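Chemist: Take a look at the following structure, please.
The values are calculated or read from the model by the stated rules, or taken from the named source; none is laboratory data. Note that the coordinates shown come from a computational prediction; the quantities given were computed from them, not determined experimentally. Glycine gets a Cβ as well: all are built from the backbone with ideal geometry, and neighbour counts include every protein chain shown. Heavy atoms of the whole protein, side chains included, go into the accessibility calculation; ligands, DNA and RNA do not. Shrake-Rupley method; radii C 1.70, N 1.55, O 1.52, S 1.80 Å.
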Amino acid sequence: MNSSPVTGLNGKIRVPGDKSISHRSLILGTVANGQTRISGLLEADDVMATAGAMRALGATISRDGEAGTGDWLVDGVGNGALLEPAGPLDFGNAGTGSRLTMGLVAGYDFPVTFTGDASLSGRPMGRVLNPLRETGLQVDSTTTDQGPDRMPLTVHGAPLPVAITYRVPVASAQVKSAVLLAGLNIAGTTTVIEPVMTRDHTEKMLAGFGAHIEINTDDDGTRHISLEGQGDLQAQDVTVPGDPSSSSFPIVAALITPQSDVTVHDVLLNPTRTGLFDTLVEMGADLTISNRRQSGGEDIGDIRVRTSQLKGVTVPADRAPSMIDEYPILSVAAAFAQGETHMLGLHELRVKECDRLAVTATALKANGVECTEGEDSLTVRGGRVPGGAEIATWLDHRIAMSFLVMGLAAEKPVSVDDTVMINTSFREFVPLMNSLGAQIS
Ligand code: S3P
């Protein structure tokens, strides 16, 4: 597939539901009593893999209307009442779904096997399995050249699992969430200590479903999140806002393409997710947020962007957790900016769907953009973007979408070797972009 240079992306759009909240609404609906109604669920492959896993663990999950509306019903089994799945849970490409589910089942005395595609099987699972082992979880995992604790793997919770207190050593919402979800079926108080705040959807939604959860924050910002195990959860109505990570593709496309004016409605604006928008504003983007409001306990709003001459900035390391999935598309924006953009604190990019730091740097260089890849940093020297290359996407949806956006404003078209993975998070990406005036085919 390739994208060609265009002028004038224009229109008002919505992007599909937030992936993080979609996974969590299915998972919490599964362990709640009663029927959870979800509207705006992201109907993409990653979330559907989680739905399949929750069905295998006992939930009844069905659409409530036409495909594409995002209206779904989850009949939960209740907390502590998951069933032993009949076969392996296949998570495809879904890191979040698999890691959160490892936590969810860690307090159950039965075996659960996790499998995934080549990308997911290469990703480290020790970061969630290690704290879960402290509860008594037994793990039988695969060691590859990439390291230990890879999928396929089987976990088996202890007959009497132990509630733990765990200080998260990497800034990871998945690790925090796995430990908290494990605590749901463990007697006593499970505590996660989080020195660097990451997306807080799990703790917010647990509170919304009626869990006994308490959060205390130290003067230095360290958060202590404590959950009382074995309480009841009650089914909820969940409205999933538009995914800010998906919105970043049309937003950057409009900024770098001449004569563009695009509005994305109903975007999630939780401050743990908006680092890219802050950075783009610092870079000189004509980006305005209007109609800020609350929906389902989250901040949302409409984002309008118009073509802008961007300038290079330094993106500090402490901003990384709030924009961790947005560095590939920020790198594309940086390629069109005047001057250098320094992105710091990027070590976590190496363990995403691919090594996003290395793959982004290679793809930038292939398209004639000068950049320097450090151990955990990237410097992009912006200005001219010749384009013209075909880039390798390594089973990574965000790499594919980012470089298709680059081709809309480069001197020559940009091709990507594979676009199937876009379906893991943003099935509508190509038609939606083309409806704004893009040429992606
Ligand atoms: C996610 C957390 C982040 C992010 C991922 C979604 C979540 O991963 O990259 O796309 O929903 O909890 P880490 O926890 O590994 O930072």
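Chemist: Mind listing just one residue for me: the one in segment 74-101 that is in a helix (DSSP H, G or I) and surrounded by fewer than 24 Cβ atoms within 10 Å (Cβ to Cβ) and, of those, farthest from the ligand (Cβ to nearest atom)?
Modeler: Gly95
Chemist: Sticking with this one: Kindly indicate the residue of segment 283-309 that is over 24 Å from Thr7 (Cα atoms) and not small (Gly, Ala, Ser) and also most open to solvent (accessible area, probe 1.4 Å) among those meeting that condition.
Modeler: Arg292
Chemist: Further, regarding this structure: Would you please name the residue that is nearest to Arg99 (Cα to Cα), looking only at residues in segment 11-33 that are more than 16 Å from the ligand (Cβ to nearest atom) and open to solvent by 10 Å² or more (accessible area, probe 1.4 Å)?
Modeler: Taking the candidates together, the pick is Asn33.
Chemist: Which of the residues that make up segment 220-253 are more than 22 Å from the chain's Cα centre (by Cα), of a type outside the set (S, T, N, Q) and open to solvent by less than 60 Å² (accessible area, probe 1.4 Å)?
Modeler: Within segment 220-253, Gly221, His224, Leu227, Gly229, Gly231, Leu233, Ala235 qualify.
Chemist: Would you mention how many residues in segment 381-421 are among the aliphatic types (A, V, I, L, M) and over 24 Å from the mean Cα position of the chain (by Cα)?
Modeler: So the count comes out to 6.
Chemist: Do you know which residues across segment 273-301 are assigned to a loop (DSSP other than H, G, I, E, B) and of a type in the set (S, T, N, Q)?
Modeler: Thr274 - this is the single residue of segment 273-301 that is assigned to a loop (DSSP other than H, G, I, E, B) and of a type in the set (S, T, N, Q).
The rows are residues; the columns are (1) closer than 15 Å to Ile256 by Cα; (2) among the charged types (D, E, K, R); (3) buried (at least 18 other Cβ atoms within 10 Å of the Cβ).
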| residue | (1), (2), (3) |
| --- | --- |
| Ala333 | yes, no, yes |
| Ala337 | yes, no, yes |
| Asp355 | no, yes, no |
| Ala361 | no, no, yes |
| Thr372 | no, no, no |
| Gly382 | yes, no, yes |
| Val385 | yes, no, yes |
| Phe403 | yes, no, yes |
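Chemist: Let me ask you something else. If I ask for residues that are among the hydroxyl-bearing types (Ser, Thr, Tyr) and in a helix (DSSP H, G or I), which ones from segment 327-373 would you list?
Modeler: Within segment 327-373, Tyr327, Ser331, Thr360, Thr362 qualify.
Chemist: Right, next: Across segment 200-219, which residue is least open to solvent (accessible area, probe 1.4 Å) among those that are more than 16 Å from Thr189 (Cβ to Cβ) and more than 13 Å from the ligand (Cβ to nearest atom)?
Modeler: Across segment 200-219, the extreme among qualifying residues is Phe209.
Chemist: Taking Asp145 as meeting all but one of (1) modelled with pLDDT of 95 or more; (2) more than 22 Å from the chain's Cα centre (by Cα); (3) not aromatic (Phe, Trp, Tyr), write down the number of the exception.
Modeler: Going through the list (1) modelled with pLDDT of 95 or more; (2) more than 22 Å from the chain's Cα centre (by Cα); (3) not aromatic (Phe, Trp, Tyr), Asp145 breaks only (1).
Chemist: May I ask you to verify whether Met48 is part of a helix (DSSP H, G or I), assigned by TED's automatic domain parsing to the domain that holds Gly183 and over 25 Å from Asp266 (Cα atoms)?
Modeler: Answer is no for this residue.
Chemist: Any chance segment 268-280 includes a residue that's more than 16 Å from the ligand (Cβ to nearest atom), open to solvent by 20 Å² or more (accessible area, probe 1.4 Å) and on the phi < 0 side of the Ramachandran plot?
Modeler: Yes, segment 268-280 has at least one match.
Chemist: For segment 39-65: of the residues being more than 16 Å from the ligand (Cβ to nearest atom) and of a type in the set (A, V, I, L, M), which is surrounded by the fewest Cβ atoms within 10 Å (Cβ to Cβ)?
Modeler: Result: Ala56.
Chemist: Right, something else. Within segment 379-393, which residues are among the hydrophobic types (A, V, I, L, M, F, W, C), under 10 Å from Ala363 (Cβ atoms) and not in a strand (DSSP E or B)?
Modeler: Ala389, Ala392
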